[in-house]
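The values are calculated or read from the model by the stated rules, or taken from the named source; none is laboratory data. Bear in mind the structure is a predicted one, so any value in this text is a computation, not a measurement. Using ideal geometry, Cβ is built from the backbone for each residue, glycine included, and neighbour counts are taken over all protein chains shown.
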Amino acid sequence: MEDGAFKLIGRMVRDEWGRQLGMVISMLADDRGEMSWLLVRAGDGRVRRFRLSDVIVTDTDVVVPSGFRRRLRSLKRRAALLRHQEALFSNLNGDGVGQGCEGALEKERALIIAEARYLAKKISDACRRCNEQIRDLQRGMACLEVEHELGNVPDEVYKASMKIMMSDLRKSLAERDDLLRLRSELTALIEQLEGSAEPEAKENEPAGGAVSDEAEARVEAVSA
């Protein structure tokens, strides 16, 4: 990808639901001099950067997948690794080899759960914003219909505006459905992790503090 990365300059960038995010205007190099980021100018004039490894390049544009989906995959991978580590150390404990590892594993479990809860909150916030946008679009479409019927909006303007709002409404509905599915998967992951935790570990699991702060920092770092 790096060799042909500069060919992406000038391409339009969109999210996975089809919304235009801007246009690639340049690249950014990392500390090793390798091109690792796309520099994108948004429609409001602001400049954002996206990891080159995170985007999907199509024949016509560049697609930026949901950051929530990427973070959920990371949490699932860590949860699977934790299960295998616990099974391994459980077998080793029979020989006295794995003693002393339980605390580290339980801390990792608590951290994954805290990160999952924080991510679920972020997804819920995104769902609320999505619902607000859906309501605004529906109300806007209703108002446009009324004004058009009253003869205050020309046919061409009415058709063009309605087409845009219908397209945006479909994208918002698709995004909300995806967010709800992700939140459901997160809930299942949290229940699975809490259900397989030792009773004493559940009792001692921190409700906030350092683990929560570390979880928030790690979740935010993934999307940085």
Worksheet entry | Scan of the range 56-76 for residues that are more than 13 Å from the chain's Cα centre (by Cα) and either surrounded by 13 or more Cβ atoms within 10 Å (Cβ to Cβ) or in a loop (DSSP other than H, G, I, E, B) (or both), ordered by number | VAL57, THR58, ASP59, THR60, ASP61, VAL62, VAL63, LYS76
Worksheet, complete the sentence: Going through the range 25-55 in order, the residues found to be charged (D, E, K, R) and either touching a helix residue (DSSP H, G or I) at 6+ places or on another chain (Cβ under 9 Å) or part of a helix (DSSP H, G or I) (or both) are ASP54
Worksheet entry | First in the range 174-190 and closer than 11 Å to CYS127 by Cβ, second anywhere and surrounded by 13 or more Cβ atoms within 10 Å (Cβ to Cβ) and charged (D, E, K, R), Cβ under 9 Å, 6 or more apart | GLU175/ASP15; GLU175/GLU16; GLU175/ARG19; ASP178/GLU16; ASP178/ARG69; LEU182/ARG69
Worksheet item: Pick from ALA114, ALA142, ALA160, ALA120: which is part of a helix (DSSP H, G or I), of a type outside the set (D, E, K, R) and in contact with a Pro (Cβ under 9 Å, 6 or more places away or on another chain)?
Response: ALA114
Discussion item. Looking only at the range 132-146, how many residues end up being surrounded by 13 or more Cβ atoms within 10 Å (Cβ to Cβ) and either out of contact with any Leu (no Cβ under 9 Å at 6 or more places or on another chain) or assigned by TED's automatic domain parsing to the domain that holds GLU16 (or both)?
Written reply: 4
Worksheet item: What pairs can you find where one residue is in the range 87-116 and modelled with pLDDT of 90 or more, the other is β-branched (Val, Ile, Thr), and their Cβ atoms are less than 7 Å apart, with a gap of 6+ or different chains?
Response: ALA110/VAL211; LEU111/VAL211; ILE113/ILE190; ALA114/VAL211; GLU115/VAL219; ALA116/ILE190
Worksheet, complete the sentence: Among LEU169, LEU182, LEU137, the single one that is closer than 22 Å to ARG77 by Cβ and part of a helix (DSSP H, G or I) is LEU182
